[in-house]
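What follows draws every value from the coordinates through simple rules; no lab data is involved. All figures in this text were calculated on a predicted structure; none of them were measured in a lab. Using ideal geometry, Cβ is built from the backbone for each residue, glycine included, and neighbour counts are taken over all protein chains shown.
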Amino acid sequence: MIDQARQLLHTYYGYDSFRPGQEALVTSILDGKHTMGIMPTGGGKSVCYQLPSLLLNGLTIVISPLISLMKDQVDEIQELGISATYINSSLTYEETISRLKAVQHGEFRLLYLAPERLAAPHFLSRIQSLDIALIAIDEAHCLSHWGHDFRPSYLDIPHFIQQLQSEPSVLALTATATPTVAEDVCQTLGIPTENMVKTGFARENLTFSVIKGQDQTAYLTDYVQKNQNEAGIIYATTRKEVERITAKLKAKGIDAGQYHGGMDAQARAHSQERFVYDEVRVMVATNAFGMGINKSNVRYVIHAQIPRTMEAYYQEAGRAGRDGEESACILLFSPQDIQIQQYLLEQSQLNERRKAHEFRKLREMVNYCHTESCLQAYILEYFGESNPKDCKRCLHCTDDREVIDVTKEAQMVFSCVKRMKEKFGKTLVTQVLTGSSNQKIKDLRFHQLSTYGILKGESQKRVAAFIDFLTAHHYLTLTQGQYPVLQLGEKAVAALKGETKVMKKEAAAAKTQVASDD
Ligand code: ADP
């Protein structure tokens with residue numbers, strides 16, 4: 001059957017070959033297996049259920065949260081010559097019933113549904129007895145509490161599937177799943193983990209950068225001006241910040257679109273349309289913008305502030321370059337922005353376990369900003385790829401500064417952390433190292449430690465940045481919670497014993513004599 005599928009790929013879509021992962025997914029589905037597919041954005045997930053829908057006996061249901069996009073998706077499929085329809089809250093009751101009847105009469109191969117429909121009894125009773133061959137679940141990470149975009153309505157899916165008389169195959173698809181999320185999704189849907197198809201997450205056409213210590217507004221206006229003819233998205237954490245950045249761009253004569261949850265639906269739709277049709281080149285938005293936006297020529301995505309998780313970051317940044325052309329993903333890092341994210345997390349209604357989990361994710365995001373390794377490789381490792389290759393394109397891969405041995409400075413930091421009994425955070429460790437004379441240090445008698453003032457000539461900012469580097473490279477670890485405490489990782493213990501060296505692109509601290517008793 002896979003040969004037939006390849007033939008159809010050519011006839012319906014005009015493509016000569018499968019993209020990575022597509023063939024394995026289509027084969028698995030045609031074999032009637034429950035399957036999970038993890039492929040990057042733009043990897044071609046839709047084909048993986050559209051093709052089987054043409055070959056299987058029975059209806060294919062596609063569950064997708066992207067209501068605003070369903071009409072366009074269905075229009076596109078119909079243009080290819082595949083019969084499809086959708087049902088979501090944008091339709092009147094009469095229209096819904098009429099479409100359901102058409103589905104019952106077997107007029108469509110594909111039915112797109114919003115997950116909110118699934119629990120409605122009148123809906124279930126009409127659908128239950130149909131011959132359904134395949135249930136494809138798009139954005140399947142929404143099923144997992146451990147993902148970054150959990151949607152309660154997705155939890156209706158397993159129950160819905162159980163109620164169906166035909167026993168359809170299930171295909172869960174996502175572009176962002178850590179191993180934990182993927183396992184969770186498989187378990188919830190009864191997909192054997194060996195039926196998971198995962199293609200490389202690397203996006204060869206994206207160039208990642210983290211920019212520190214620059215004036216954010218100046219950077220943004222300058223970048224947008226230099227790339228006036230290119231489409232780009234600027235993500236900001238809050239609505240207020242979106243409005244501020246848009247105003248700054250406009251003040252420079254740049255026509256910028258704006259999108260956030262505080263705007264009414266009509267204004268948002270209008271703004272989105274202007275961007276999609278290239279009437280404005282740059283869109284300033286909160287994370288409310290973009291899920292499922294079908295714009296392939298976005299040349300840059302800039303995050304004006306740090307997002308909360310790597311999943312969110314990769315998904316948002318991944319909206320650049322869906323057409324395969326070279327595109328830039330830039331994150332502007334400022335330490336204060338971490339505090340905003342921490343504050344938002346602290347204020348959230350999550351239970352303690354979830355909160356701790358989210359703090360851990362935020363920490364991984366912060367580490368991304370402080371690593372000196374390949375940024376793409378950091379991302380791939382986060383998503384579970386082992387030993388990913390350096391991309392040779394990102395800011396760090398192309399940074400040709402000299403690599404310097406900073407083992408001595410690192411040892412000073414490690415021994416200070418150790419002498420402070422691994423019970424204090426970055427700020428206090430930095431103050432002790434630089435010999436600050438504040439009262440807390442005196443109260444705790446840290447001014448009597450041999451490591452007190454051992455990095456005296458250095459600014460606190462530099463030492464703090466060095467600690468961030470050591471944390472990002474797992475020499476130091478931080479405990480959970482709002483007031484994280486620095487502890488020594490295995491690598492630090494090895495470095496203290498002189499078993500490994502600590503190398504860095506530039507010296508974080510001037511060469512200072514190591515205290516004699518160290
Ligand atoms: P995803 O949902 O994974 O982000 P899509 O299904 O929207 O990706 O596909 C992204 C683009 O790749 C679409 O324009 C699609 O037509 C194209 N595409 C999919 N499969 C192939 C293929 N085998 N060969 C060439 N292009 C493909």
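A few remarks follow.
- Within region 305-331, the set of residues being within 16 Å of the ligand (Cβ to nearest atom) and of a type in the set (Asp, Glu) comprises Glu311, Glu316, Asp323, Glu325.
- Matching helices (runs of 4 or more DSSP H) fully within region 1-117 where at least 1 residues are within 16 Å of the ligand (Cβ to nearest atom) and under 28 Å from the mean Cα position of the chain (by Cα): 22-30, 47-55, 67-80
- Flag for Glu325 being over 30 Å from Lys71 (Cβ atoms), touching a Lys or Arg at 6+ places or on another chain (Cβ under 9 Å) and not hydrophobic (A, V, I, L, M, F, W, C): no
- Residue pairs meeting the criteria (Cβ under 9 Å; at least 6 apart or on separate chains; first farther than 18 Å from Thr176 by Cα, in region 286-307; second of a type in the set (Lys, Arg) and within 12 Å of the ligand (Cβ to nearest atom)): Lys295/Arg319; Lys295/Arg322; Ser296/Arg322; Asn297/Arg322; Val298/Arg319; Val298/Arg322
- Checking each residue in region 284-304 for being more than 18 Å from Asp72 (Cβ to Cβ) and either touching a Phe, Trp or Tyr at 6+ places or on another chain (Cβ under 8 Å) or within 16 Å of the ligand (Cβ to nearest atom) (or both) picks out Val284, Ala285, Thr286, Asn287, Ala288, Tyr300, Val301, Ile302, His303, Ala304.
- Taken as a whole, region 140-148 holds at least one residue that is among the hydrophobic types (A, V, I, L, M, F, W, C), out of contact with any His (no Cβ under 6 Å at 6 or more places or on another chain), under 30 Å from Asn387 (Cβ atoms) and away from the ligand (no atom under 16 Å from the Cβ).
- Flag set for Glu372, criterion: acidic (Asp, Glu), assigned to a loop (DSSP other than H, G, I, E, B) and in contact with a Lys or Arg (Cβ under 6 Å, 6 or more places away or on another chain).
- Of all the residues in region 466-485, those that are in a loop (DSSP other than H, G, I, E, B) and in contact (Cβ under 8 Å) with a residue 12 or more places away in the chain number 9.
- Some residue of region 320-329 being over 22 Å from Asp390 (Cα atoms) and crowded, with 18+ Cβ neighbours inside 10 Å: no
- Close contacts from region 35-47, counting a first residue that is free of Cβ contacts under 8 Å to residues at least 40 places away in the same chain and a second that is in a loop (DSSP other than H, G, I, E, B) and near the ligand (Cβ under 6 Å from one of its atoms), with Cβ to Cβ under 9 Å and a gap of 6+ residues or different chains, come to Gly44/Tyr15; Gly44/Phe18; Gly44/Arg19; Val47/Tyr15; Val47/Phe18; Val47/Arg19.
- Top-ranked residue of region 284-338 - restricted to ones that are in a helix (DSSP H, G or I) and polar (S, T, N, Q), ranked as farthest from the chain's Cα centre (by Cα): Gln336
- Those helices (runs of 4 or more DSSP H) of region 379-460 in which 2 or more residues are among the basic types (Lys, Arg) occupy 407-419, 439-443.
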